[in-house]
1. For the range D:102-177, state what percent of all Cα-Cα pairs lands in each successive 5 Å bin, counting from 0 Å until the bin that includes the largest distance.
2. What would the Debye equation give as log₁₀ I(q)/I(0) for the range C:264-333 at q = 0.22, 0.26 Å⁻¹, counting only Cα atoms as equal point scatterers?
3. Which percent, to the nearest 5, of DSSP beta bridges fully inside chain C are antiparallel?
4. Please name whichever of D:Val130, D:Leu42, D:Ile84 sits farthest to the positive end of the charge dipole of the range D:23-249, dipole taken about the Cα centre and charges placed at Cβ: Lys and Arg +1, Asp and Glu -1.
5. Assuming 1.306 mPa s and 10 °C, estimate D for the range A:157-213 with Stokes-Einstein, Rh taken as the Kirkwood radius over Cα pairs, in µm²/s.
6. Compute the orientation-averaged projected area for the range D:73-131 from the convex hull of its Cα atoms and round it to one decimal in nm².
7. Who wins for biggest fluctuation among B:His167, B:His133, B:His97 in a Gaussian network model of chain B, springs between alpha carbons below 10 Å?
8. Rg (Å, one decimal) plus Dmax (Å, integer) for the alpha carbons of chain A?
4 protein chains.
Amino acid sequence: MRFFSDNAAPVHPRVFAALAEVDQLDTAYDGDRWSKQLDGRLSDLFETEVRALWVPTGTAANCLALAALCPPYGGVICHRDAHIQNDEGGAPEFYTHGAKLMLADGDGAKLTPASIAAVADAIANDVHRVQPHAVSITNATEYGLVYRPDEVAAIGDLCRSRGWRFHMDGARFANAVASAGCSPADVTWRAGVEALSFGFVKNGGMSAEALIFFDTGLAAATLRRRKRAGLLLSKGRYLAAQILAMTEDDLWLDNGRVANAGAALLADAAGDRLVHPVEANEVFLRVTPDEAAALRAKGFDFYDWGPGEARLVISWNQREDAIRPLADAIQAL
Amino acid sequence: MRFFSDNAAPVHPRVFAALAEVDQLDTAYDGDRWSKQLDGRLSDLFETEVRALWVPTGTAANCLALAALCPPYGGVICHRDAHIQNDEGGAPEFYTHGAKLMLADGDGAKLTPASIAAVADAIANDVHRVQPHAVSITNATEYGLVYRPDEVAAIGDLCRSRGWRFHMDGARFANAVASAGCSPADVTWRAGVEALSFGFVKNGGMSAEALIFFDTGLAAATLRRRKRAGLLLSKGRYLAAQILAMTEDDLWLDNGRVANAGAALLADAAGDRLVHPVEANEVFLRVTPDEAAALRAKGFDFYDWGPGEARLVISWNQREDAIRPLADAIQAL
Amino acid sequence: MRFFSDNAAPVHPRVFAALAEVDQLDTAYDGDRWSKQLDGRLSDLFETEVRALWVPTGTAANCLALAALCPPYGGVICHRDAHIQNDEGGAPEFYTHGAKLMLADGDGAKLTPASIAAVADAIANDVHRVQPHAVSITNATEYGLVYRPDEVAAIGDLCRSRGWRFHMDGARFANAVASAGCSPADVTWRAGVEALSFGFVKNGGMSAEALIFFDTGLAAATLRRRKRAGLLLSKGRYLAAQILAMTEDDLWLDNGRVANAGAALLADAAGDRLVHPVEANEVFLRVTPDEAAALRAKGFDFYDWGPGEARLVISWNQREDAIRPLADAIQAL
Amino acid sequence: MRFFSDNAAPVHPRVFAALAEVDQLDTAYDGDRWSKQLDGRLSDLFETEVRALWVPTGTAANCLALAALCPPYGGVICHRDAHIQNDEGGAPEFYTHGAKLMLADGDGAKLTPASIAAVADAIANDVHRVQPHAVSITNATEYGLVYRPDEVAAIGDLCRSRGWRFHMDGARFANAVASAGCSPADVTWRAGVEALSFGFVKNGGMSAEALIFFDTGLAAATLRRRKRAGLLLSKGRYLAAQILAMTEDDLWLDNGRVANAGAALLADAAGDRLVHPVEANEVFLRVTPDEAAALRAKGFDFYDWGPGEARLVISWNQREDAIRPLADAIQAL
């Protein structure tokens, strides 16, 4: 069994079925009848008018958002373990034309108003220093922590008071919402988030993420940036279809719940081996090299995550019976 | 019947079947067993060692190639009707960090060594003028003309003699090769082409094009640029699978032949209405507004292409029986 | 005698004297008492509130202006012989992060609303085409023609009606204003110009040009872009001093008049050899290679400017007695 | 007396005299006889063949160097207090098209092979992480420390072994060389440095720094980047003249020695108030707010530099008699 990452899982059957449904001639480039449903579908989901764009990767969603929120001469405050800082190969700098990521601290890759303000307050407001223009948080975080709506709102308040824009990287938004038990609206625009990267690929999709603008005025320029980045697929309906399938009858949320449940099972088994509280679908364990080897010998694959630590990620298609043997193996260590 | 563009057609069943085959857990990001086959498969097809990268759009393929071939302070000579100049929303400038497209003339969007040299020779070789560093041609061209291998080789010779790099936009490479009846090798690297955007989406694919480097040394940096552009899909195996399906048993070529045959049928019917010789799968017709309306009244849809002209594009799935009624309608005008 | 370019002339003594005056310790980076006078001085000169920034080159002034007026995904309409297109080594693309220059036609490098609209109207308003966002004209033009205030205003009206921004490259603004006999205000902001590159180096300065924002809201971001481009000199007072000296007691205008007068002298002598009307300080002559050689044999140096043509530029320090021998030599051809 | 920064001082009389000497008509844009002497003059000074370019600011020199040494998708390791990170308004990101600065630690802003390697070794060598391509050190450092030739060479060795390029920001290179008592060659190219920003403005110049390439092959592209950045002054001879004056008869070194001597005087007086050893011309003092106020009350101006610390910088023109009163005042605290 592989627990490397939820981005390696197969595609949900309902997503696959949706691809077959759109497999007929239609207009290219967002002009098809499925792409045209996205704004409405996501507006319903978020209980407010949004603009929704399909893109093929989460990096693309994140970086188009950052380009919309921060000028080339500005900075974006994020956690020093943020995906945009560490795992996107410099894409934020490419899309923003060289904006600077400004690194804040916080346990489990989670930011607070205080940790964000600490970064900003150390920057003299003169022409020599790049100034912060936006904040980006990841929910669930890179270490599987989840922001509650009030936590997001506190950051949103800080942003508003400082004149900064606010982005959420929701590569695992489904896991976050499933965990928090809140409405998607409460943890995003009602809390001040202006752009959301809404991830589906890690949660049962194939090749489509949604970039959601709650500040709908940002969409027009971003449509041009998306094209300019070579991200406008002619047969975009095959991406729209994935998002429509994932958001129909709460499939996204159900998938998130399944993965979270699997992680919870492991968390119970792991006890004080846990490096971080398990709030979504990622589990970080303290294990010795020997223990890691023992788990692998039993057929469980996962990444080492720094010395003495391992990361296990549960996917949408790994149900309890698939997880139980690993939980037992961890308990048996 | 719609003849707007081959990029609106459905996906070939064998491509769809290939998606189902890879729909199982595997390693993300090029690490899966299908992505790993691309270099070998395309090396076989081109009879030389190549590096092959999947990307989701032709614009991405083109612009990653240009970024590999031209520095930010350089220029790329292309036709003034080239797709990279007119239809990619400034993506070449984005990917190359501001290189300049230098526009050459030529009937039917086709370049010759003379038309290319004319552009270059008008540029003083001083620090005030951006200097050409590369040439990009489209094969088949934006007006459906096809370069013979010797025509490409003549441009390749010019590039070599001037120290320029050489790119081919092969969004309709299948149609071009099917038309020229040559080997893929003869019309590319044997003729001096160093990077090829090998299009599949217009020819039966869903969301995968291949960027082929004949100068394999260019691939390493491009893998980083691809990631940096948000184009590295975690579930890239669904793209690799499309390319593998399209290149198995000459599916790409067969599809190209079908589309070309349809266009030839229209060309016969059109006679001296043709604006350009029909060499691939696009047909440009002289029609009055009334004639265009008459065709549309009979259920044929297509784009106007400037005053008094119309463009009709044949897709891989439009076989003779689908084309014949249009041919008759054109003849009846 | 050299008539290559006015950018090779020495520095006016009053400019030199101003450098000596500021040669004392003061605050760095715009904080000195001379830099602080620029806004006021230029506001007086233009009879409206402006923001004025020193920069070391005209290219820097132009390209900072373009970056303020056009997003990376937009286009700037300019003449195909414009300095920004041909003589700035790709700086507009660098500063704007890849905006596209869109080339319009017009005799003597002069644009009209019609020639500008012709470029724009050929661009479909879809996501595939880069859309125009700004117009840039050069006054005096690259061929020494001068825009009258009403001509600028007609372009300004077009810009307003289309929602475009409007920039003037005034590398030879002094010559233009001296020639038109208008107020600086009439030919700029009253005619719709929002940013002006006000040149001094060709007119007696050493290393300082002014970038003037009539739309003062554009200055704040540009101050950051100027720093980010490495253009913020610590000892900026030596640049401010040059601009203050040039704008004191109309020195800029007097210098422009002298150079124009010299050109007029040559124009009289040249008669129908003139390629363009002589309205500022540049003279374009039809001369055979033998005639050019004859002039050079008499000690007059200048550039060939295409086959059968020569360019002669008069500098601020070439008064009538310096020009007369050349005028005689031209007449004697 | 002001001790804010050496970049606010006046210009050395010999530099001023040199401006007067070049104040005659000559060819623009590096074509003049003074600009042409730079390569030779600096090659002599560095005892090897170099290419030397004038630029108007140290930021421009640094960032052109970084653009030559690091691709857009790469990273540059520097100290977290480096000028390029904190004081250049994002210019490194602008010039490199988005390369990432990677921040290393070290007392007094000084790097060691170990601190550099620590940054690099934490970066997995995969496509998701930006990879280091170059190292940049500042000599003298932002806190006035000086690298000995063997310290630079140790970093140079690391760079060579890792395949990284090596840049030195020598905004205060004169102070560093004067302090180390070494040859300019020993602390640069003989120690592996490939590009040096050789500062003159802080040391008696007006508006000219030199960018020195020991790897001369880097110059050609940089000449184009310099133009493209709007940094190629037409009357560049006024910049070349400054560099020629500063490098004639060791003026640069003499000026550096004077400033260092002044700082040494203060260091003696400061005793254990020193935050960092004083090795060049900057003095960082521990002072209470009351003490700082007391110094200011006596007419000494300087910057606070974080809580309880002050920075005093000695300029080339502040000789012992100008410094002594401040030294006494510090001792009297």
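1. Over the range D:102-177, the share of Cα pairs per 5 Å bin runs 3, 16, 26, 26, 16, 8, 4, 1, 0 percent.
2. -0.94, -1.38
3. On the way: 17 of 36 bridges.
If we restrict to bridges inside chain C, about 45 percent are antiparallel.
4. D:Val130
5. On the way: Rh = 12.0 Å.
It comes out at roughly 133 µm²/s.
6. 4.1
7. Result: B:His97 has the largest fluctuation of those listed.
8. When restricted to Cα atoms, chain A yields Rg and Dmax of 19.8, 59 Å.
The values are calculated or read from the model by the stated rules, or taken from the named source; none is laboratory data. Fair warning: this is a prediction, and the values are worked out from it, not measured in the lab. Note that each Cβ is placed from the backbone with ideal geometry, even for glycine, and that neighbours are counted across all protein chains shown. Just so you know, the surface numbers come from the protein's heavy atoms only, side chains and all, with ligands and any DNA or RNA stripped out. Shrake-Rupley method; radii C 1.70, N 1.55, O 1.52, S 1.80 Å.
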